[in-house]
Amino acid sequence: MKFLSVLISIIYFIYPFIILYTFQYNIIGVIIPILIIASFTRWYIFKKSNNKYLTFISLSSFICLILLYLLMILKKNNEVFLYYPVLINFSLSFIFFFSLTQKQTIIEIFAKLKDPHIDERGIKYIRKLTIVWGFFCFFNGCISLITTFLSLNIWAIYNGFLSYIFIGLFFIVELCIRYRYKNANK
């Protein structure tokens, strides 16, 4: 099961390059059903984990792929799959913001897996961080949307490389801030 989960994660990571390749060789009708099966499998794996946020994220991904596939068939236009990263980013943004209305945010749930005893200051920090991640995903989705109007190569470079670099940099900066915050509040 772990191997399958890693394999599916790799598929999602290289999604833009899969789309670029399938557009060049006009085989998207063959590849998309495979992506839908991978997406369904990912949802099934997360559903068994009983984590409502991971289940929702993977279910959103699965539904987005099916809707885009149906739209592709109806419109006879492969380019609808360029909007997948846009939909995923906006879905993630929604999840971050929606989790603010819950007792625990999505980030707090994951943080408590590592440290179940987070103090009130830590909870406030996590809530602010959830807001920042929500805006980050929203703006990343906006940039992804802009790339859908540019060349396929630019779309693939941004959505398959640069967006991951920005996510990684954002995460590293946040880790540094968190480390300083923890040390300042000891």
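The values are calculated or read from the model by the stated rules, or taken from the named source; none is laboratory data. Bear in mind the structure is a predicted one, so any value in this text is a computation, not a measurement. Cβ coordinates were reconstructed from backbone atoms using ideal geometry, including for glycine residues, and neighbour counts include every protein chain displayed.
Here are the numbers for the structure shown:
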read-out: Single match in 78, 50 (criterion: more than 30 Å from residue 182 (Cβ to Cβ), surrounded by fewer than 19 Cβ atoms within 10 Å (Cβ to Cβ), modelled with pLDDT under 90 and not hydrophobic (A, V, I, L, M, F, W, C)); value: 78
read-out: Looking only at the range 99-149, and only at residues there that are in a loop (DSSP other than H, G, I, E, B) and within 13 Å of residue 86 (Cβ to Cβ), the one that is farthest from the chain's Cα centre (by Cα); value: 149
read-out: Only one of 57, 18, 63 that is farther than 30 Å from residue 126 by Cβ and out of contact with any strand residue (DSSP E or B) (no Cβ under 9 Å at 6 or more places or on another chain); value: 18
read-out: Residue among 28, 32, 14 that is surrounded by fewer than 18 Cβ atoms within 10 Å (Cβ to Cβ) and either within 21 Å of residue 148 (Cα to Cα) or of a type in the set (Gly, Ala, Ser) (or both); value: 14
read-out: Members of the range 107-165 that are under 19 Å from residue 93 (Cβ atoms), of a type in the set (Phe, Trp, Tyr) and surrounded by 14 or more Cβ atoms within 10 Å (Cβ to Cβ); value: 110, 133, 136, 138, 158
read-out: Matching residues in the range 124-142 - criterion: being under 21 Å from residue 184 (Cα atoms), without any contact (Cβ under 8 Å) to a residue 40 or more places away in the chain and in contact with a Ser or Thr (Cβ under 9 Å, 6 or more places away or on another chain); value: 126, 127, 130
read-out: Residue among 70, 92, 87, 65 that alone is assigned to a helix (DSSP H, G or I), surrounded by fewer than 19 Cβ atoms within 10 Å (Cβ to Cβ) and free of Cβ contacts under 8 Å to residues at least 60 places away in the same chain; value: 70
